[in-house]
Amino acid sequence: MAHVERINREKIYSGTVVDFYKDTMKLPDGSTEYYDFIHHRMGAAAVVAVTTEGKFIMVRQYRPALDRYTLEIPAGKRDSLTEDTIVTAKRELSEETGCESNDWKKLLSIRTTVAFCDEHIDVYLAENCKKTSGQHLDPDEDIEILEYDEDFLKEKIYAGEIEDAKTVAGIMAYLAQKGNN
């Protein structure tokens, strides 16, 4: 079976978190095509955060790519390529929500948009979350903290009102493990 082969990769732009490339690809029939590729330099972690009362801690924030506010699980990029994503997850939960947990486990790893981007996110479960401080947000963050039960979140996911990949994947993985999907 013939395969696709990259014959050139040209960096078009280097951003603060991602790099944009133009790939020249040789297709199985011998023709050449150009593909866009976005390299996410750091990777990220996300947290399905559940309180002792069984509520999901969610964050509402403005997303310029969609030009609207979204409801998501807490998440953020690693501070370095060597940072373990569990460290990232714990930091982001604390920074975005002011909550902590002593009950952590990895739920899954996802690639958000495999057609053109290599972003990798490890999604963790933090149960029995408790408020320990206030938010300590990055200067560019404006995040509202909200708590919802699983029925509300499932309804919003199935209605297409929660579309964020890490949020949908994380919540549904958690519910599947509990047997409530």
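Any read-out appearing in this document is the output of simple, stated calculations on the displayed coordinates, not a laboratory observation. Note that the structure is a prediction, hence the values are computed from the model and not measured. So basically every Cβ, Gly included, is an ideal-geometry build from the backbone, and we count neighbours across all protein chains shown.
Below, the figures for the structure above:
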item: Candidates 151, 79, 140: whichever shows maximal mean-square fluctuation once the chain is modelled as a Gaussian network with Cα springs under 10 Å; result: 140
item: Geometric extent, Cα atoms of the range 1-110 - Rg, Dmax (angstrom); result: 19.1, 59
item: Only Lys, Arg (+1) and Asp, Glu (-1) charged, at Cβ; the range 13-86 dipole about Cα centre in debye; result: 260
item: Pair-distance profile P(r), taking every C-alpha pair of the range 1-57, with 10 angstrom steps and integer %; result: 20, 28, 20, 16, 12, 5
item: Cα-centre dipole for the chain with unit charges at Cβ (Lys and Arg positive, Asp and Glu negative), debye to 20; result: 420
item: Cubic angstrom per residue, convex hull over Cα atoms of the range 79-178; result: 138
item: Violating pairs (Cα-Cα greater than 28 angstrom) within the set 11/105; 90/156; 11/90; result: 11/105; 11/90
